[in-house]
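Below: the structure, in structure tokens.
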Amino acid sequence: DTEVTQTPKHLVMGMTNKKSLKCEQHMGHRAMYWYKQKAKKPPELMFVYSYEKLSINESVPSRFSPECPNSSLLNLHLHALQPEDSALYLCASSQDNQRSTDTQYFGPGTRLTVL
Amino acid sequence: SQQGEEDPQALSIQEGENATMNCSYKTSINNLQWYRQNSGRGLVHLILIRSNEREKHSGRLRVTLDTSKKSSSLLITASRAADTASYFCATDLLKGMNRDDKIIFGKGTRLHILP
């Protein structure tokens, strides 16, 4: 299984809502990532988990809260978002072989719209 | 700031022609990757080239890396309509003995194959 799945595919939420994005992989990868991508822009790294521990937080606002319940799952909890947070949110995973940067496998993304 | 910069930003060619995209980066790297993204979807890994490699092939793809010029090129031969997508280079950051899980994407080249 070489697939990274993400749910939901689309999400519309108000600024007072609390929602969560979910990501799952069963490739035995030990590094998982959240990216934010605006239209016609490259993906921007938000968080990296390595062996279920948060290893990189790219100064993301606290209204985004990541969680890695186990080695296969990655969540992104959303609360009090702003309209400018509307974007495609991509999850990725990689093997994390401790020797060099690995290929990242991406999910299809969640298209988030904040009203 | 962005590590990679692709050139050109957009490229339209006739089906069957070859497409060449370039990527320049600023700091020393362990490896460089190319990814493809169809509109509004996740990224698909195409090829990874390590800093001690100069050229790599995969099917209709040819990637070169010139570390002295801090640049890479992606050549797609005999282009097809299905090659229409955005193409991103991505580099890691060589940080002494410490490996960083982070890769940074360039701005991307939007490739359009005309029938």
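The values are calculated or read from the model by the stated rules, or taken from the named source; none is laboratory data. No experiment lies behind these values; they were computed from the predicted model shown. Reconstructed Cβ throughout: ideal geometry from the backbone, glycine too, with neighbour counts over all protein chains shown.
Those residues that are at pLDDT below 90 and part of a loop (DSSP other than H, G, I, E, B), I need them from the range B:1-25; list them, please. If you could, list the steps in order and put the result at the bottom.
Start the filter on the range B:1-25 by keeping residues that are at pLDDT below 90, which leaves B:1-8.
Within the range B:1-25, B:1, B:2, B:3, B:8 meet the criteria.
Does residue A:55 satisfy the criteria of being within 14 Å of another protein chain (Cβ to nearest Cβ) and surrounded by 20 or more Cβ atoms within 10 Å (Cβ to Cβ)? Steps first, answer last, please.
Numbers: within 14 Å of another protein chain (Cβ to nearest Cβ): yes; surrounded by 20 or more Cβ atoms within 10 Å (Cβ to Cβ): no.
So residue A:55 fails the test.
Filter the range A:1-21 down to the residues that are surrounded by fewer than 18 Cβ atoms within 10 Å (Cβ to Cβ) and under 23 Å from residue B:104 (Cα atoms), then identify the one that is modelled with the highest pLDDT.
A:5
So which residues in the range A:49-95 are touching a strand residue (DSSP E or B) at 6+ places or on another chain (Cβ under 8 Å) and among the polar types (S, T, N, Q), if there are any at all?
Within the range A:49-95, A:50, A:55, A:57, A:65, A:72, A:75, A:82, A:86, A:93, A:94, A:95 qualify.
Give just the number: which of (1) closer than 25 Å to residue B:14 by Cβ; (2) away from every other protein chain (no Cβ under 14 Å); (3) surrounded by 13 or more Cβ atoms within 10 Å (Cβ to Cβ) does residue B:57 not satisfy?
All conditions pass for residue B:57, except number (3).
With under 19 Å from residue B:88 (Cβ atoms) and either surrounded by 14 or more Cβ atoms within 10 Å (Cβ to Cβ) or more than 15 Å from the chain's Cα centre (by Cα) (or both) as the only criterion, which of A:108, A:66 stands out?
Numbers: A:66 fails: under 19 Å from residue B:88 (Cβ atoms).
After ruling out the rest, the residue left standing is A:108.
Would you check if residue B:65 is assigned to a strand (DSSP E or B), over 21 Å from residue A:44 (Cβ atoms) and under 12 Å from the mean Cα position of the chain (by Cα)?
Numbers: assigned to a strand (DSSP E or B): yes; over 21 Å from residue A:44 (Cβ atoms): yes; under 12 Å from the mean Cα position of the chain (by Cα): yes.
Taking the combined requirement at face value, the residue satisfies it.
Could you check residue B:44 against (1) touching a residue at least 12 places away in the same chain (Cβ under 8 Å); (2) surrounded by fewer than 18 Cβ atoms within 10 Å (Cβ to Cβ) and say which number it fails?
(1)
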